[in-house]
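One structure is given here, and the rest of the page talks about it.
The values are calculated or read from the model by the stated rules, or taken from the named source; none is laboratory data. Treat the numbers as computed from the prediction; the structure is a model and nothing was measured. Every residue, glycine among them, receives a Cβ derived from its backbone with ideal geometry; neighbour counts consider all protein chains shown.
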Amino acid sequence: MFSEEEVEKLRLAGKIASKVRRWVESQVKPGLSVLALCERVEEEIRRLGGQPAFPCNVDINEVGAHYTAPPGEALTIPENAVVKVDLGVHVDGYIADTAITVCLSPEYEFMKAAAEKALEAAINLARPGVKVSQLGAAIQQTIEAMGFKPIRNLTGHSIGRFLIHTGKSIPNVASLDGSKLKPGELYAIEPFVTLPEAEGRVFSGPCGNIYRVVKPKPPKQEPARSVMMQILERFKSLPFTPRWLEGGKEALEGFRQLVEKRQVSCYPMLVEASGKPVAQAEHTILVLEDRVEVTTL
């Protein structure tokens, strides 16, 4: 179980995440630099007293998850796009994870609504002792009743201190998973929705510029050693992006050496298999003794 002090940190992280999620909806415009959007979101998190729990994800159209801008990128948001902004906040390692979809064409607003309604259905059902399979069934039923299709191989996840994924999943379709929500657990629930004619699954695409440490022992070689020590000190076990590294070209060279040695690995972009657009909605829930609390509401 979390202590009261820890719960307050979770609530503060959630409050910051909620403010930034609401703020970012007005920021997403056609022609906006994706790099500028990522950096604005991360700076707003810091301005409000938190730290990014992972690089801001800006996932456009058929990209479902795991893309952030690399240093110097010129990519801009296209006209009529479906833009998912997925952001995380931590306060002393206590994490809030939330996301919003911005539709730049009214054509996809109902798909976005399906993701939000599915999230609401799962939250309304969530309480201690409920099976995660029940949440997945509620998500799937809500999405399909509105004429859309869930992404069957994307899930929500349990969260720990300085850990964005801790092993338990919240499915977005009916399943045989008998795991139950337990007091003292923290979860991100995140339905992903696509069009009815889509395949309804994602595949692993190219690197999305988001990395994690897989072999934390600092190498002997410089500048890789200094960069690994920086990563462990600043980000611990949380995902990071090379544009966060301090030290200019030397740091980027050290980072390249770490990738070459496979001490850090990249999260691949997750792309809808038939190339159809994807919408997402996400909140973080804290499971208490007799109820759940939505920290990012």
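Results for (1) at positive phi; (2) surrounded by fewer than 17 Cβ atoms within 10 Å (Cβ to Cβ); (3) not assigned by TED's automatic domain parsing to the domain that holds ARG234; (4) not hydroxyl-bearing (Ser, Thr, Tyr), shown as yes or no for each residue.
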residue	(1), (2), (3), (4)
THR98	no, no, yes, no
VAL102	no, no, yes, yes
ALA121	no, no, yes, yes
ALA126	no, no, yes, yes
ILE143	no, no, yes, yes
THR155	no, no, yes, no
ILE159	no, no, yes, yes
HIS165	no, yes, yes, yes
ILE170	no, no, yes, yes
### Query
Any chance segment 212-226 includes a residue that's of a type in the set (A, V, I, L, M, F, W, C), surrounded by fewer than 17 Cβ atoms within 10 Å (Cβ to Cβ) and part of a helix (DSSP H, G or I)?
no
### Query
Hey, among GLU246, GLU289, which residue is more than 17 Å from the chain's Cα centre (by Cα), exposed (fewer than 15 other Cβ atoms within 10 Å of the Cβ), touching a residue at least 24 places away in the same chain (Cβ under 8 Å) and not in a helix (DSSP H, G or I)?
GLU289
### Query
Residue check: is GLU260 of a type in the set (Asp, Glu), touching a residue at least 24 places away in the same chain (Cβ under 8 Å), over 30 Å from PRO196 (Cα atoms) and not assigned by TED's automatic domain parsing to the domain that holds CYS56?
no
### Task
Please tell me if ALA114 is within 19 Å of the chain's Cα centre (by Cα), crowded, with 16+ Cβ neighbours inside 10 Å and either at pLDDT 95 or above or within 22 Å of THR166 (Cβ to Cβ) (or both).
yes
